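Taking it in order: structure first as structure tokens, then the write-up.
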Amino acid sequence: MTLFHYRAMNPRGRTVWGELDASNLVDLEMRLKRMDMDFINGSPVRHRTWIRSTRVPRRELIEFCFHLEQMIRAGVPIIEALADLRDSTEHPHFRQVTASIIESIEGGRTLSQALLEHPGVFSHVMCNLVRAGEASGRLPEVLASLVESLKWEDELASHTRKIVIYPALVASVVLGVTIFLLIYLVPQMASFIRSMGHELPLHTRALIGVSDFVVNFWYLLLAAVALGVLGLRHLVRTNPEWRLRVDEWKLRLPLVGNVLRKIILARFAGVFAMMYASGIAIIDAVRATEDVVGNAAIRDGLKRVGQLISEGQNLTTSFQRVGLFPPLVLRMLRVGENTGKLDTALANVSYFYNRDVRESIQKAQTVMEPALTVVLGMLLLWVMMAVLGPVYDIITKLKI
């Protein structure tokens, strides 16, 4: 397959441009014809740059599931519903993915099988849910649940950005101010202080030494930081043990770690509840959600839960032995198992974590802002005392 640039006319008579995989120009014309577009011209992409993004935003997936659910409920055939989605989407890569799904269904595959052909766009959990909806005849209900789940994931991502962006901005300000002081202010004041011939206190000598090192060997610092970051990323990606250590360290961070743990467990609880309500077996639901959490430490815990369930332990006992959930959540699960209403208990677990995440983020932000302000103030105070303290002593002695 070759990637082609194409220019075509859609059913509304408008000229559209895009990119599509095809064997040759004839195959490209046939593919566009199946998309109800008239081929005008096309040419192969000679240089496919690394900048070209194939990632589909979560908003596109939300619109995809929502419109597909509405159209199926209205009795529209699934191929016509997908064709309408293909024509209305503005994301070029997702338009191509939708066209490929239509071709797969026309070739005899089910919707879930067609979605599995695009693992970079549709998650394994999403494909399993769609397959369960097709088998049970509840595909619209499953798609509606997916819409709510994707919206919540979008909200969780927003919460995560909130607790990361502010510390990152403050850290950037602190780093920028520190570099300015070390490179510009401290060397000028150091030359003045040294010219007076007075003995300098230890903290002033330490600051001047750090300043001299930064001024003379800044390129070594940049190289060390870059190599450290790249080396750590490589270890995390290639070494499972390092990935586990880093993810465990994230969960132990003060303030942020507890919130991240709750966000991860909130995502797991919501997806697990949705899969169980869709008719997927508990053991399959636990195994499918291992890739949802995005943290190696929590993923290992879920693997142990799956092993315990496969050995005959019930759901509550398995989670209790692993220690993933707090006692309140475990009591909800136990009541759900004893009363035969596990789906209701799982929905309560999801609600509990959703509420707890919001409250924890608000508390973390409330504590984090003054804490970072104090850190910045203490750093500036140390620099000012180290620089201005000797100057004040010199001026005082001159007056005497």
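Overview of values
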{"quantity": "Choice from 22, 226, 273 showing the highest fluctuation, given a GNM over the chain with Cα pairs closer than 10 Å", "calculated": "226"}
{"quantity": "For segment 205-267, diffusion coefficient by Stokes-Einstein and Kirkwood Rh (Cα), 20 °C, 1.002 mPa s, µm²/s", "calculated": "148 µm²/s"}
{"quantity": "Where labels lie 7 Å past Cα in the beta-carbon direction, separation of residue 328 and residue 202 in nm", "calculated": "4.8 nm"}
{"quantity": "Segment 58-150 - Rg (one decimal) and Dmax (whole number), Cα, Å", "calculated": "11.8, 33"}
{"quantity": "Order of 241, 106 - criterion: other Cβ atoms within 10 Å of each residue's Cβ, fewest first", "calculated": "241, 106"}
{"quantity": "Candidates 298, 72, 101, ranked by Gaussian network fluctuation over the chain, Cα under 10 Å, top entry", "calculated": "72"}
{"quantity": "Angle between the chain longest axis and helix 218-238 axis [Cα atoms, degrees, rounded to 10]", "calculated": "30 degrees"}
{"quantity": "FRET efficiency, residue 25 to residue 249 (Cβ-Cβ, R0 51 Å, nearest 0.05)", "calculated": "0.45"}
{"quantity": "Radius of gyration, Dmax [the chain; alpha carbons; angstrom]", "calculated": "29.1, 97"}
{"quantity": "Normalised per residue, the volume of the convex hull around the Cα set of segment 303-380 (Å³)", "calculated": "111 Å³"}
{"quantity": "Most to least packed among 384-390, 73-79 [average Cβ atoms within 10 Å]", "calculated": "384-390, 73-79"}
{"quantity": "Angstrom value of the Kirkwood radius, inverse mean 1/r, which spans all Cα pairs in segment 2-44", "calculated": "9.9 Å"}
{"quantity": "Dimensionless Rg over Rh [segment 202-339; C-alpha; Kirkwood]", "calculated": "1.21"}
{"quantity": "Estimated inter-spin distance, residue 382 and residue 358, nm [label 7 Å along Cα→Cβ]", "calculated": "4.0 nm"}
{"quantity": "Length gained when the stretch residue 307-residue 239 is fully extended (0.36 nm per residue, less Cα-Cα span)", "calculated": "22.1 nm"}
{"quantity": "Segment 314-359: equivalent-ellipsoid semi-axes (sqrt of 5 x gyration tensor eigenvalues, Cα, Å)", "calculated": "18, 14, 6"}
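None of the figures in this text is laboratory data; all of them are computed from the coordinates on show. From a predicted model like this one, the values you see are computed outputs, not experimental measurements. Don't worry about glycine lacking a Cβ; one is built from the backbone with ideal geometry, like all the others, and counts go over all protein chains shown.
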